[in-house]
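FYI, it's all coordinate maths here, none of it is from the lab. Here the structure is a predicted model, which is why all the values come from computation and not from measurement. Note: ideal-geometry Cβ built from the backbone for every residue, glycine included; neighbour counts use all protein chains shown.
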Amino acid sequence: MSKESNIDIYRRRFLSGSAATAAGLAVAPGVLLTEVAQAKPADAVVTSDVRWGMLIDTNKCNNGCDDCVTACNEEHNLEGFGRPSTDAQWIRKVTLKDKQTGYVQTLPVLCQHCEHPPCVDVCPTGASFKRADGIVLVDKHICIGCRYCMMACPYKARSFIHESLQDQMPYSPRGKGTVESCTFCVHRVDAGMTPACVEACTAENHNAMTFGDMNDPDSELSLQLKQHNSRQIRADLGLNTGVHYRGI
Amino acid sequence: MIKYSLIILIFGLLPGVYTPAMAADASAEENASGPFIPKAQRRYSATQDCVEPTDEMRSNHMKYILDQRDATVHEGVRTRQYSLVECINCHVSDAADAPRVDSEKHFCNSCHTYTGVSIDCFQCHADRPVKSRFLSLTGSDSHPARQPQELANEGAGNE
């Protein structure tokens, strides 16, 4: 789609957005006409009404459990080539040990889906981008594989594909010479589902991961964030990550 | 004189140039001299073979796919009509021994080989229908091979 038509869309959205706000005010206080639906219609364009986020409770994350990593690898067919230093890794378990007390905790680290993503700032082609609903993605059609974004990411969340691949998943195209990272399972999110890692964690009754809309004050995620103290990793960088952690 | 003979020459050549090509196009389904085009698994509708009229698809399928690509990646539009995944679901068999994209018997590669077009879609995208947990959860794995009844009812005279 050309830039011109994008601008038209933005204008239209801005105008219709202000109209909706006016109508919403007219109904009654607290009653909104627009509702953030979990599964958007297939032909709907994503908007910034939603910001997808995640809360990870490290107190419930078991040492030695890697169900989330396995689920991610299976969902996106992330096969290894026996080269751990370069094999694709969208989510990984990190072990932290307090040297003074010996207390050990583990937590999954994935793309933090920043509000101000450094990977997007440095991308020379515009391949690295943030969707309106806060999901940070790579448009591999535009990616030239320069790997600036890998350097820029403070969370080491991105991988570069070194090998020719086969049998990719239809909803998760991946190919040699491009950079990739966690997509928050955008294909699932668009279908009204939770990411594969969250689904696996919940299915095993660990319930360490909660996914939801941070803009919706009534979502499970927002309620938990409001109720409990949580932190962003390297909050000092001011990136305002979409992934929050409890217990670190 | 030279002018006239040139004109005669050109007009004389025209049928010679175009007739075989047109014949090849018309008989592509019968696989006479054109590329081998595997038949699609189902029709788009009772009146239409593909998602747009077949001639339009032959000329402009790449434009539809390109527009859909940007809408999907950047804006999350997930309609199926012009989705590359649905092209593959309908035009490529999910049989284990079905031709892969490096074969001239693969739907996409058959014409692209014939016309000398190089594409890199399938360095990243799946070149055949794939079953997965996600697809079965959302019901979007309705591969036409599993709907033989629909084919039988409507007649599979498309490509």
Task: Projected area averaged over orientations for the range B:36-141, convex hull of C-alpha atoms, nm² - done: 7.4
- [ ] Mind computing the radius of gyration and Dmax over the alpha-carbon atoms of the range A:103-248? Å is fine for both.
- [x] 15.9, 46
- [ ] Would you check the range A:81-167 for Lys pairs whose C-alpha atoms are within less than 29 Å, ignoring same-chain pairs closer than 8 in sequence, and give me the count?
- [x] 8
Open item on the list: Sort B:Tyr44, B:Tyr82 by Cβ crowding within 10 Å, fewest neighbours at the top.
Closed with: B:Tyr44, B:Tyr82
TODO: Find the relative contact order for the range A:88-203 and round it to a whole percent, using C-alpha pairs within less than 8 Å whose residues are 6+ positions apart.
DONE: 23
Open item on the list: Run the reach check for B:Lys39 against lysines, Cα to Cα strictly under 20 Å, same-chain hits fewer than 8 apart removed. What comes back?
Closed with: B:Lys105
Task: Contact order normalised by residue count of the range B:35-154, Cα under 8 Å, 6+ apart, percent - done: 33
Task: Segment A:Lys60-A:Asp236, extension gain: residue separation times 0.36 nm, minus the distance between their alpha carbons - done: 60.8 nm
Task: Per-selection Kirkwood Rh - the range A:191-248 (Cα, Å, 1 d.p.) - done: 12.5
TODO: Go ahead and run the numbers for FRET between A:Gln105 and B:Ala95, Cβ-Cβ distance against an R0 of 45 Å, rounding to 0.05.
DONE: 0.40
Task: Cα-only Debye scattering, the range A:82-133: base-10 log of I(q)/I(0) at q = 0.22 Å⁻¹ - done: -0.94
Task: Net +/- balance of residues flanking A:Ala88 in space, Cβ distance below 10 Å, scoring K and R +1, D and E -1 - done: -2
